[in-house]
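The values are calculated or read from the model by the stated rules, or taken from the named source; none is laboratory data. Please read these numbers as outputs of a predicted model, since none were measured by experiment. Counting neighbours? That spans all protein chains shown, and the Cβs are built from the backbone with ideal geometry, glycine included. These area figures cover heavy atoms from the full protein model, side chains too; ligands, DNA and RNA do not enter into them. Shrake-Rupley method; radii C 1.70, N 1.55, O 1.52, S 1.80 Å.
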Amino acid sequence: MFFHVILTGECNSECRYCFGEAMEDTDDDFSGFEVDYSLPRKMSYDVGLLDRFCKQDSECVLTFYGGEPLLCMDEIKQIMDTVKAKHFMIQTNGLLLDRLEPEYVNRFHTLLVSIDGDEALTDYYRGKGAFRKVIDNLKLIMQNGFSGELIARMTVMEQTDIYKQVTWLLDNGEFSFSSIHWQLNAGFWKNDFERRDFKKWSEENYNPGIRKLVKFWADCMENGVVLKLYPILGVAQSLLCGEEKSFLRCGGGWINYAIQTDGHIIICPTMWGMKDHYLGHISNADPLKLRKVFVGKPCTECDVLSICGGRCLYANITKRWDAGAYDLVCKTVKNLVHVIAEEIPRIMTLIETGRINLRDFEFMKYNGCEIIP
Ligand code: SF4
Ligand code: SF4
């Protein structure tokens, strides 16, 4: 099992799509959901409890998460010194990575760092200077011997040209990434759709950009390279392996849960404080027997559910965007699946002729990449 360990709700960054949206959505009262707004600001349970909980599952993987988890460096070290997890991973904005000693950084199996593309775009979304600090820190951890998987985690919305930014991250003079994932900022806030231009952008920019990117990705295979572009890789692997049904690909609610700062277990980090969806507490729950929660309508009536998996349980349960708006998100999913499916015959030929291998498509699932953006 995989668990996000939410170390704090606090963050040292004020990104447009998170802090900025929260400021605009001040009347977003989550009516209809009982929310605990008084959760401890930092992890408040005994680390021994987490160790006992984790020990019950020999495959237990812990991902440090926040807010910004590196604001809780002492807790990270304490957990890594105490808990016998199979792997530790972290999702971070990267701003404080230089402050965690290499002996801990180098133990991360996977490190997901928030970066949205080139300097201009990253600083536009994340604040002036964010790009430079993150890049400097990444260079430093590589010099200090980090050899785990480093994944660039992009948040994508109207100012993003997906083809331009992904290809920039893959190959640039600053710091090139070999693993990239992106998630659409779509369906997570209540009132943002009206003030944004998601329809025009998704139809005229994002969907065509994905078409171009998938073709580029398949072209690279002609030279024997299968790039780790997670949304494309994950879907393609399912199609190539003839997988019959995919559950929610982030793992939320069935294999990848989250642990709040008070020790309660929740479906996923975004559902923090939503009391109706608490699944137990680490003091007495069995990690292997947690209740499973799956997506409901409209996903259950969708003709691409078996390949999409439902995109996001949080969006499915809370329905922050109305059906018409969310349908535009589903159109991006269908476009992604469709353009990848079109490339499958070419990819099969490349596998049959030995140019690439089916094993090149393997990756660690539930590593924080939701696959469906
Ligand atoms: S495309 Fe949309 S409706 Fe269909 S399964 Fe995915 S998220 Fe659900
Ligand atoms: S995709 Fe949705 S359900 Fe999955 S982890 Fe993200 S917010 Fe949670």
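Return the sequence-ordered ³J(HN,Hα) values of segment 291-308 in whole Hz as given by the Karplus equation 6.51 cos²θ - 1.76 cosθ + 1.60 applied to θ = phi - 60°, using x for Gly and Pro.
4, 9, 10, 10, 5, x, 4, x, 4, 5, 10, 9, 6, 10, 4, 5, 9, 6
In whole Hz and in residue order, list the ³J(HN,Hα) couplings for segment 146-151 that follow from phi through the Karplus curve 6.51 cos²θ - 1.76 cosθ + 1.60, θ = phi - 60°; x for Gly and Pro.
5, 10, x, 7, 10, 10
So how much accessible area does F363 have, in Å² to the nearest 10, using a 1.4 Å probe?
F363 has an accessible surface of roughly 40 Å² with all protein chains in place.
Amide H of I356 versus every other amide H placed in the peptide plane: which residues, excluding those fewer than 5 positions away on the same chain, fall under 5 Å?
Residues meeting the amide H criterion: I351.
Considering only DSSP states other than H, G, I, E and B, which trypsin sites (Lys or Arg not before Pro) in segment 218-306 qualify as loop sites with at most 16 other Cβ atoms within 10 Å?
Details: sites: K228, K245, R249, K275, K289, R291, K292; in loops: K245, R249, R291, K292.
Filter output for segment 218-306: K245, R291, K292.
How high is the relative contact order of the chain? Use alpha-carbon pairs under 8 Å, at least six apart in sequence, and give a whole percent. Display every interim value, and only then the final one.
Numbers: 649 pairs, mean separation 77.7, N = 373.
Once divided by the residue count of the chain, the mean separation gives 21 percent.
Measure up K215/K331; K190/K292; K128/K275; K86/K331; K133/K190 against 30 Å on the Cα-Cα distance and list the ones that go over.
K128/K275; K86/K331; K133/K190
List the aspartates and glutamates whose alpha-carbon lies under 17 Å from that of K55, not counting same-chain residues fewer than 8 positions away?
Those aspartates and glutamates meeting the cut-off are D46, D81, D286.
Just to confirm the filter: which trypsin sites (Lys or Arg not before Pro) across segment 1-49 are DSSP coil and have at most 15 other Cβ within 10 angstrom of their Cβ?
Values: sites: R16, R41, K42; in loops: R41.
Of the trypsin sites (Lys or Arg not before Pro), the ones in loops of segment 1-49 whose Cβ has at most 15 other Cβ atoms within 10 Å are R41.
For the chain, which longest stretch is free of loop sites, where a loop site is one of the GluC sites (Glu not before Pro) that DSSP puts outside H, G, I, E and B and that has at most 15 other Cβ atoms within 10 Å? If you can, show how the numbers build up before the last one.
On the way: sites that count: E10, E14, E34, E59, E158, E174, E222, E243, E244, E362.
Counting at most 15 other Cβ atoms within 10 Å as exposed, the longest clean stretch of the chain is 245-361.
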